[in-house]
Each structure stands twice: as C-alpha cells, then as structure tokens.
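Below: one structure, written as structure tokens.
The values are calculated or read from the model by the stated rules, or taken from the named source; none is laboratory data. If you're wondering where the values come from, they're calculated on a predicted model, not measured in any experiment. Here Cβ is always computed from backbone atoms with ideal geometry, including for glycine, and neighbour counts include all displayed protein chains. We work out accessible area using only protein heavy atoms, side chains counted, and drop any ligands, DNA or RNA first. Shrake-Rupley method; radii C 1.70, N 1.55, O 1.52, S 1.80 Å.
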Amino acid sequence: RVVKRFNPVRVPKALEAELPFKSKTKQIKTNNPARAVVLDKEDKRVADLLGQINLLHKDKTKKRREKVQKQKDAYAVKRRAEEAEADARRQKKRKTFFRREGQNQKTPNVAKD
C-alpha cells in the first residue's frame, strides 16, 4: 500500500500574525550541525590512544578473516579432490556392475524340455 504524503498546510502570514504563539507554525531544525570542540592535551591523548586501539582491532580482525578465508579455501580444495576420488570410485563400481549385468543378459537362457 502506498503511503500518502500531504503537502504542509500554508497559513497566510496576516492570519498567522493574529494567532496565539501556541497555534503558530514553528521551524523545527532537524539537522543540528555538531559544534567543533577544541580538545585539551589530555583529551587529545585519550582520543589518539582510542584511535590506535581501534586501528589495532581492525588490523587483527582483518588478519583473522584472511586466515579463516585461507583455511576455507584449503578445505574446499581438499574437499573437491576427495569428491573427485569418490566420483571415480562410484563410476568404476557402476561400470563393473553394468558390465556384469550385460554379460548376464548376453548368455542365452537354455530352455529345458
């Protein structure tokens, strides 16, 4: 369902001037820009240390993710090799089974009188 959006009601300035304050339209600022704060030496040092800690944490996380991805890739390669061997075994087994079935069908059944 589409939500309807209505345009704001426009009240003429002359009429708005006669209204009490409670009923007048008000400008509400939603985007208050953050005020610039000048840090003293201690706060700046703390902020720098926190930045360094965050950097180390990001670096460790990145290395951990790379290590896990490398392990996953190695496992996928190993799994593909195992799956290929299993497919070869299954195919060989099927081949021998159907070869024997074919040989059994080729031999004529001798009708006994």
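Computed quantities for the displayed model
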| item | result |
| --- | --- |
| Percent accessible area from carbon and sulfur atoms, the chain, protein chains only, probe 1.4 Å | 55 percent |
| Long-range amide H partners of Val11 with built H, under 5 Å | none |
| Point-to-point label distance, Gln27-Arg99, nm (Cα→Cβ direction, 7 Å offset) | 9.1 nm |
| Residue among Gln91, Gln103, Gln71 with the largest mean-square fluctuation in a Gaussian network model of the chain, springs linking Cα atoms under 10 Å | Gln103 |
| Using alpha-carbon coordinates, inclination of helix 41-106 to the longest axis of the chain, degrees | 20 degrees |
| Alpha-carbon radius of gyration plus Dmax, which is the widest Cα pair, for the chain in Å | 39.8, 124 |
| Dipole magnitude of the chain about its Cα centre (Cβ charges: Lys, Arg +1; Asp, Glu -1), debye to nearest 20 | 480 debye |
| Selected from Leu50, Pro20, Val77, residue furthest toward positive end of dipole (the chain; charges at beta carbon) | Val77 |
| Calculated [θ] (222 nm, deg cm²/dmol) that DSSP helices of n ≥ 4 give over the chain, each run adding -39,500 (n - 2.57) | -23500 deg cm²/dmol |
| Segment Arg10-Lys60, extension gain: residue separation times 0.36 nm, minus the distance between their alpha carbons | 12.3 nm |
| Whichever lysines have a C-alpha closer than 29 Å to that of Lys41, once near sequence neighbours (fewer than 8 apart) are set aside | Lys58, Lys60 |
